[in-house]
1. Which GluC sites (Glu not before Pro) in the stretch 153-216 sit in a loop by DSSP (not H, G, I, E or B) and have at most 10 other Cβ atoms within 10 Å of their own Cβ?
2. Hey, what do the phi angles of the stretch 109-115 turn into as Karplus ³J(HN,Hα) couplings, whole Hz, using 6.51/-1.76/1.60 and θ = phi - 60°, x for Gly and Pro?
3. What helices does the chain hold that run 24 Å or longer along their axis, going by alpha-carbon atoms, with a Kyte-Doolittle average of -1.0 or more, using DSSP H for the helix calls?
4. Pop out the Kirkwood hydrodynamic radius of the stretch 102-172 from its pairwise C-alpha distances, inverse of mean 1/r, in Å to one decimal.
5. Out of all DSSP beta bridges with both ends in the chain, state the antiparallel percent to the nearest 5.
6. When the dipole is taken about the Cα centre of the stretch 65-216, and only Lys, Arg (+1) and Asp, Glu (-1) are charged at their Cβ, what size is it in debye, to the nearest 20?
7. Using Cα springs under 10 Å in a Gaussian network model of the chain, which residue among GLU19, GLU70, GLU124 shows the largest mean-square fluctuation?
8. Check PHE46: other-chain or 5+ apart residues with amide H under 5 Å from its amide H, H built from backbone geometry?
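Read the figures in this text as sums done on the coordinates, not as results from a lab. It should be emphasised that the depicted structure is a prediction, and the values quoted were computed from it without experimental measurement. Quick reminder, even Gly has a Cβ in these numbers, built from the backbone with ideal geometry, and neighbours come from all protein chains shown.
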Amino acid sequence: MALVAPSLLAANFLKLEDECKMVNESEADWFHLDVMDGQFVPNISFGPMIIDFVHRVAKKPCDVHLMILEPSRFAETFKRAGADHLIVHVETCPNLHKDIELIRSLGMKPGVAINPATPVSVLEDILPSIHHVCMMSVDPGYGGQKFIPHTMDKIKQLRKMIDEKGLKTLIEIDGGVTVENAASIMEAGAHVLVAGNTVFSAKDPKAIISHLKKIG
Ligand code: DX5
Ligand code: ZN
């Protein structure tokens, strides 16, 4: 069964509390929260203040995805805001090992994200020390983009690497996940489906979440 993490980027922010309650009542596993700085990615979303509000209502872990430069500068701030998982991008962290240690020492589960053009081989040495890999299946910055097909091969490669090392690291797929492609993504070896527009643009978001869970 897939783990499902609805991305609040696609939520209606005028009704944020209701959107969070919907996720609480649904079969979703995590809240996925996308932080963008207009530097690493060409868009600005929200920061720790919004995450703090969400975390007060959320009854499920907050999976915070930092698409920002120098993410470790803000690790403590996001911990205080209520992040349970903190994801940093490999492309923004020259001292990735140190950053992962920092996230863990603050009591959060470390995740590492890679962009579509970054090969999975960069993860080989740090896989044992992280909770999950956030594999981007779109170029980060916007919700509602189309899934990049070659991600399927990357999922298979990464899953093989994880299994060969006997690890429990989870593979989370982020970007362009739909009801149509979710089964193939899970077959390729993913564990967690992030879904923004597929969930929040649906007439019945809870039913879509249940459906995504069962597909896996
Ligand atoms: C993209 C974000 C994603 C985004 C996914 O940069 O990291 O989490 O919200 O949105 P959908 O599911 O609409 O592609
Ligand atoms: Zn994300």
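1. Numbers: sites: GLU164, GLU172, GLU180, GLU187; in loops: GLU180.
The qualifying sites are GLU180.
2. Using θ = phi - 60°, the values come out as 8, x, x, 10, 9, 10, 6 Hz.
3. Numbers: long enough: none.
Answer set is empty.
4. Values: mean 1/r = 0.0775 Å⁻¹.
Final number for the Kirkwood radius of the stretch 102-172 is 12.9 Å.
5. Details: 1 of 31 bridges.
Bridges in the chain that DSSP calls antiparallel: roughly 5 percent.
6. Numbers: 17 positive and 17 negative charges, 87 e Å.
Value, rounded to 20: 420 debye.
7. Maximum fluctuation in the GNM of the chain, among the listed residues, is at GLU124.
8. MET36
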